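We did not get these values from a lab; they are worked out from the coordinates using the rules stated. In this text the structure is predicted, and so the values were computed from the model without any measurement. Heads up, the Cβs are rebuilt from the backbone with ideal geometry, glycines too, and the neighbour counts pull from every protein chain shown.
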Amino acid sequence: MSTQVQSRIRLQRPPWTLLVLVVLFRLGTLLLLRPGGFVYDFSDYGWYRQMAQYSNEGFYPFIHYWMEYPPPFPWLNVLVYRLSLWLPPALDARLWHHWLLGLALLPFDIGILALLHTLARALHGRGFALWVASVYALLFIPLYTWAGWFDSMAVFMLLLAVWLILAERPAWAGFALGVGFLVKVSPILPIVVAVQRFRQPEQGWRGWVSRANVRLVLALAASLAALSLPWLWLNADMFLATFRSLTGRSSWETIWALLSGYFGYGVVSPERFIPAPPQAIHPERVPGVLILFITALFGFWLWTRPLDWKQPRVQIGFHALTLSMFLLASPGWSPQFLTWVLPWVLLVMPLAPSPHQRLTPAWHAVGLALLLSVVNTLEWLYFPLWSAYPLVLALIVIIRTAGLAWLAWHAWRLCRETTRSSVA
């Protein structure tokens, strides 16, 4: 790796002015605004608090009951709740927990901005990095998601792993992948690129077991073991129930749910103290296993194409492609998932060549980000306001699906054209 590329890949903070404005904007939101406005209480913070209240009776996650998320966040939530009990009573009992949880998640949200700035600088220089960070900071969905859900924690782990792969730090990348998997499963996806990046193709099949790949896998296994074995020892059934819940849920708010005639939201088994697999709430016309198998097969074919995996643009492009395909094949979608997508829209779309010019105009990226944001906002409003009109949800899902497919196409073009340019 050249010295110039190495300097670009070093973790770079955004300008202080942007950081201060973003932090103050989020703190003001946390203190004075309530997610959902006058429509509905959309925030999951209240539900997180309800689950943490089990600790008042001596019940704790993955010891006495299971959750649909692996242990790191549920236990962070319990610790925040226990700390909130030490503070003076407020007019609203939710106040201290809400504030403290938002503060606990704020470093992850700001970390996303710093990592985006660093990745963008590695791709196209300082000016592009400032543009990406500024546009992301001005988008509504990341702010709103941080104020009501914990996805910023998982997105941070995913982008951290991507940066560590780009910076050629296999052991740390493996550690980030393992921790990310046990935050919300999906941050394991960058391993697809990591294995190719750390392979040594000149050694043939032996290149797959390069020293870097061995370090990657060992660090991944060590982090998974360190964070899983205590829960397996304390109550394996409750720990494994989390992963069983991921495989047993019916489709919701996706094209696959529409094909099955389901226009509701995702439902998780309410029996938290019984580690039984969840029951499907509607029959699937297209089996989820078949969808994932076909997607994985197609993804494997793309993964084996001759790409220049040493190029940062190829790595970033394939990360975006992997996530897009995963979300397209996934049986479920919740509006907060858009926070996973927006960083890749801003990183990939402006750099992917369009059919008629070298680069897609930046406003194409902003346009797609805004379109997905508007559709996502309407999806939040659908259930309290328009659930009697399923056509509204169908249009929302179709537009979002088309947007994800459009991102996947641009990501693949970025991988292919970058490889052609490097070979030429």
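How large is ³J(HN,Hα), in whole Hz, for each residue of the range 190-200 in order, when computed from phi with the Karplus curve 6.51 cos²θ - 1.76 cosθ + 1.60 and θ = phi - 60°, using x for Gly and Pro?
Each residue of the range 190-200 in turn: x, 4, 4, 7, 4, 4, 5, 5, 8, 6, 10 Hz.
When only DSSP loop residues count, what GluC sites (Glu not before Pro) in the range 252-348 have their Cβ near at most 14 other Cβ atoms within 10 Å?
271
Could you please rank 20, 162, placing first whichever residue has the fewest other Cβ atoms within 10 Å of its Cβ? It would help to have the intermediate numbers written out before the result.
On the way: 20 10, 162 28.
Arranged by neighbour count, lowest to highest, 20, 162 become 20, 162.
Long-range amide H contacts for residue 252: which residues qualify at under 5 Å (H placed 1.01 Å from N, peptide plane, sequence gap of 5 or more or a different chain)?
257, 332, 333
Measure out, as a whole number of angstrom, how far apart the alpha-carbon centroids of the range 315-346 and the range 92-154 sit.
16
Considering the chain as a Gaussian network with a 10 Å cut-off on Cα pairs, which listed residue, 18, 113, 414, attains the greatest mean-square fluctuation?
Ranking 18, 113, 414 by mean-square fluctuation puts 18 first.
In whole Hz, with x marking every Gly and Pro, tabulate ³J(HN,Hα) for the range 110-125 from phi via Karplus 6.51 cos²θ - 1.76 cosθ + 1.60, θ = phi - 60°.
Working through the residues one at a time gives 5, x, 4, 4, 5, 5, 4, 4, 5, 5, 5, 5, 5, 7, 8, x Hz.
If you count, for each residue, the other Cβ atoms within 10 Å and average over each peptide, how do 67-73, 219-225 line up from highest to lowest?
Top of the packing list down: 67-73, 219-225.
How long is the gain from residue 409 to residue 27 if the chain were fully straight, where each residue apart is worth 0.36 nm and the alpha carbon distance is subtracted?
In short, 133.8 nm is gained.
Among 322-328, 306-312, how do they line up from the highest to the lowest mean number of other beta-carbon atoms within 10 Å?
Per-residue Cβ counts within 10 Å, averaged per peptide and sorted highest first, yield 322-328, 306-312.
Give me, ordered by chain and number, the residues 5 or more places off residue 210 or on other chains with an amide H under 5 Å from its own placed amide H.
200
Subtract the Cα-Cα distance of residue 391 and residue 267 from 0.36 nm times their separation in residues, and report this length gain in nm to one decimal.
Between residue 391 and residue 267, full extension yields an extra 42.6 nm.
With springs only between Cα atoms under 10 Å apart, run a GNM on the chain and tell me which of 384, 107, 61 wobbles the most.
384
Give me, ordered by chain and number, the residues 5 or more places off residue 65 or on other chains with an amide H under 5 Å from its own placed amide H.
Here 60 satisfy the definition.
Using a Gaussian network model of the chain whose springs link C-alpha atoms within less than 10 Å, name the residue from 196, 50, 315 with the highest mean-square fluctuation.
Result for the chain, Cα springs under 10 Å: 50 fluctuates most.
Relative to the Cα centre, what is the charge dipole magnitude of the chain, using +1 at the beta carbon of each Lys and Arg, -1 at the beta carbon of each Asp and Glu, and rounding to the nearest 20 debye?
Here the size comes out at about 1420 debye.
List the residues of the range 369-400 whose backbone N lies under 14 Å from a point placed 7 Å from the Cα of residue 34 along the Cα-to-Cβ direction.
None, by backbone N distance to the label point.
Given 290, 402, 317, which one lies farthest toward the positive end of the charge dipole of the range 273-424, if we put +1 on the Cβ of every Lys and Arg and -1 on the Cβ of every Asp and Glu?
So the residue we want is 317.
Subtracting the Cα-Cα distance from 0.36 nm times the residue separation, let me have the gained length for residue 214 to residue 200 in nm, one decimal.
That pair, residue 214 and residue 200, stretches by 3.8 nm at full extension.
As a check on your grasp of the helix formula, calculate [θ] at 222 nm for the chain: sum -39500 (n - 2.57) over DSSP H runs of n ≥ 4, divide by the residue count, round to the nearest 500.
On the way: 17 runs with 275 residues, N = 424.
It comes out at -21500 deg cm²/dmol, rounded to the nearest 500.
Hey, can you rank 145-153, 374-382 by average C-beta count inside 10 Å, highest first?
Top to bottom by mean Cβ count within 10 Å: 145-153, 374-382.
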